[in-house]
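First up is the structure itself, then whatever we jot down about it.
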Amino acid sequence: MTDVIALVVAGILIPISALHFIWATGRTWPMRDQEALARTVIGSKRSLTHPPTGLVTACVALLILVAAGLPRCLAGLVASPLPPLALRGRVALQALVFLARGLVGYSAWGRQAAPLEPFRTYNLRFFNPLILALGLLCGLLAALETGG
């Protein structure tokens, strides 16, 4: 079961990481331009005039890729130099980060920080539930797995 959880988490996060790497190069795919991309994936007014740099976006892409790898390491699907307890701690922390991000998106502060459409609607309907599910899956994996 832990293998399946780890693969589901990775199967969701790897394509998201790939999109961020694409955006880090300056491309806006699948959006038509930088403004549409900012309105769709960031949703803040500031992002329209001050979009994240390519370096910042590449760092986010790398962090997402690491978040895809840690559960696979914990489930024993990928070798890791970290001991099982350290992997469990990192996956548990990852779960908390996902859960916090998902919950903040439903808060008044989260809605105020990113009020632009279509992000606001996508965040409420798709992004937050997906991020919360990732948090629950990572938490479940950390609770079940003693390390590969």
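Worth a mention:
- Inter-part distance, segment 48-65 to segment 78-146, computed on C-alpha centroids, equals 18 Å.
- Nearest-0.05 FRET efficiency for V56 and T121, computed from C-beta distance (R0 30 Å): 0.75
- Sulfur and carbon atoms: percent of accessible area, the chain [1.4 Å]: 70
- Dividing the convex hull volume of the alpha carbon atoms of the chain by its residue count gives 104 Å³ per residue.
- The 3J(HN,Hα) values that the Karplus relation (6.51, -1.76, 1.60; θ = phi - 60°) gives for segment 90-101 are, in residue order, 5, 5, 5, 4, 4, 4, 5, 5, 4, 4, 4, 4 Hz. Gly and Pro appear as x.
- Distance (nanometres) between label positions extended 7 Å along Cα→Cβ at A86 and L140: 2.8
- Assigned charges on the beta-carbon of Lys, Arg, Asp, Glu; the chain dipole about Cα centre (debye): 340
- The magnitude of the dipole of segment 1-63, with charges of +1 and -1 set on the Cβ of Lys/Arg and Asp/Glu and taken from the Cα centre, is near 280 debye.
- Taken one residue at a time, the phi angles of segment 118-125 give Karplus couplings (6.51, -1.76, 1.60, θ = phi - 60°) of x, 3, 4, 5, 4, 4, 5, 8 Hz. Gly and Pro are set to x.
- Calculated from backbone phi, Karplus (6.51, -1.76, 1.60) coupling profile of segment 11-23 in Hz, x at Gly/Pro: x, 8, 7, 4, x, 5, 4, 4, 4, 5, 5, 4, 5
- Probe 1.4 Å, protein heavy atoms only - accessible area per residue of the chain in square angstrom: 56
- Taking 20 Å as the cut-off, the amide N atoms of segment 116-140 that come nearer than this to a point 7 Å along the Cα-to-beta-carbon line of V8 belong to 125-140.
The values are calculated or read from the model by the stated rules, or taken from the named source; none is laboratory data. Computed from a prediction, not measured in an experiment: that's the story for all the values here. Positions of Cβ are generated from backbone atoms using ideal geometry, with glycine treated the same way; all protein chains shown enter the neighbour counts. The area values use the complete protein model at the heavy-atom level, side chains included, leaving out ligands, DNA and RNA. Shrake-Rupley method; radii C 1.70, N 1.55, O 1.52, S 1.80 Å.
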